[in-house]
Amino acid sequence: MCQARTRSVFFAVLSMFLSFVSSISFDEGAEAFSENIQHWTREFPKTDFSKRLVKLSDIRSDGAVRDSIPSITGPQFISVAEVSGIGDLEPVISFKHGEEARAYPLRIMLWHEIVNDMVGGLPVVVTYCALCNSGVIFERQIEGKEAVFGNTGRLRNFDMVMYDYATESWWQQFSGQAIIGKKAGVHLKALPSRVEALGHFRKRFPTGKILIPNDPAERPYGTTPFVRMDSSAGVGLGNILLPDEVKPFERVVVIGEEAWTVKRLREKGTVVRDNLKITFFRGQNSIHDTKWIHFGRDVGNVIARRFDTKKQVWKDAVHDVTFAFAFAVFRPNGVLYTW
């Protein structure tokens, strides 16, 4: 059995989204919702639900429970030169710190969503929410103390909500901010990373390491349940504020409060502004297209870098190549450039 919440059938996702945008808000003290909170309290006895930055009614569940989507706490790696059974165009989240470079294939991340790791002596948490196509790596420390993260099984704006083991505070994956619990308001530090094709990672880091499943039979790795999701028009998604020419499931490059559509970036190749350079090049499979990832259509690679004026070098910038609807709901005052 795969997992309690498959996050798996696109039409189910679409139905949930439609329900979300058309729903009428209700009082958090309503009797029906009170029953949910009582259940959550039993499931998360250390979570202080009185401390929160969001309405509890914004938190949604599609059947999953705590850790039914299991995070990885003991990741296993092999040399990228030795890996087999995964195509060069398949996407990985890549990260380098010190002398260590690691790749986390989305074929694994979409089934686990969270990897607690240590790279070059730095504790990191690698996160990926397939519903938003958001992949961000954070420093795995809360106010100077090393933390371990799991999955609440809940969603907010269709983005994964994590929790930390120590305080059971709930954290928004997209932003890295604690939204419920003792640590509400605290932000995890986002780190520069890329989502790139495995072949490009291998060229950059021929001695790098790649994450492999602890149990290859645990999940149908190499397949994706999100068939045709990113080519959907997203018709009827309601009050998502996007330009008319931008579809909800269109990819955008998010840097802070700004975003650029990958569609236009593909046409231009490179965008340069002040000390920021965003580059597109072809050759990466979508995990939101065909059942087998290695047959997915080419959605390309994005590199975002800033120029370090002190060292006179270009360095990777913190960014996220996510779906447009996610930028719209999490950065409502942000600017989306469509040229």
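Quick notes on this one:
- Proximal lysines relative to K209, as straight alpha-carbon distance under 25 Å, when same-chain residues fewer than 8 apart are discounted: K96, K189, K315
- Whole-Å distance, taken between Cα centres, linking the stretch 274-339 and the stretch 170-230: 14 Å
- Note on the chain: with a GNM built from Cα contacts shorter than 10 Å, the maximum mean-square fluctuation among N133, N36, N285 falls on N36.
- Base-10 log of normalised Debye intensity for the stretch 251-337 (one unit scatterer per alpha-carbon) at q = 0.12, 0.25 Å⁻¹: -0.40, -1.23
- The mean sequence distance of close C-alpha pairs (under 8 Å, at least 6 residues apart), as a share of the length of the stretch 286-339, puts its relative contact order at 18 percent.
- Each listed q (0.16 Å⁻¹) maps to a log10 I(q)/I(0) for the stretch 202-268, found by the Debye formula over equal Cα scatterers with no solvent: -0.88.
- Under the Karplus curve 6.51 cos²θ - 1.76 cosθ + 1.60, θ = phi - 60°, whole-Hz ³J(HN,Hα) for the stretch 65-77, x wherever Gly or Pro sits: 10, 3, 6, 5, 9, x, 6, 9, 10, x, x, 10, 9
- Pairwise Cα distances in the chain exceed 30 Å for 33 percent of all pairs.
- Rounded to whole Hz, the Karplus (6.51, -1.76, 1.60) HN-Hα couplings of the stretch 181-195, x for glycine and proline: x, 4, 9, 3, x, 6, 10, 7, 7, 6, 10, x, 8, 10, 10
- Working from Cα pairs under 8 Å separated by at least six residues, relative contact order for the chain is 19 percent.
- Relative contact order computed over the stretch 251-337 (Cα-Cα under 8 Å; 6+ residues apart), in percent: 34 percent
- Based on the reciprocal of the average 1/r between different C-alpha atoms, the Kirkwood radius for the stretch 192-339 equals 16.9 Å.
Values quoted throughout were computed directly from the atomic coordinates according to the rules given, and no laboratory measurement underlies them. Everything numeric in this text was worked out from a predicted model, so none of it was measured.
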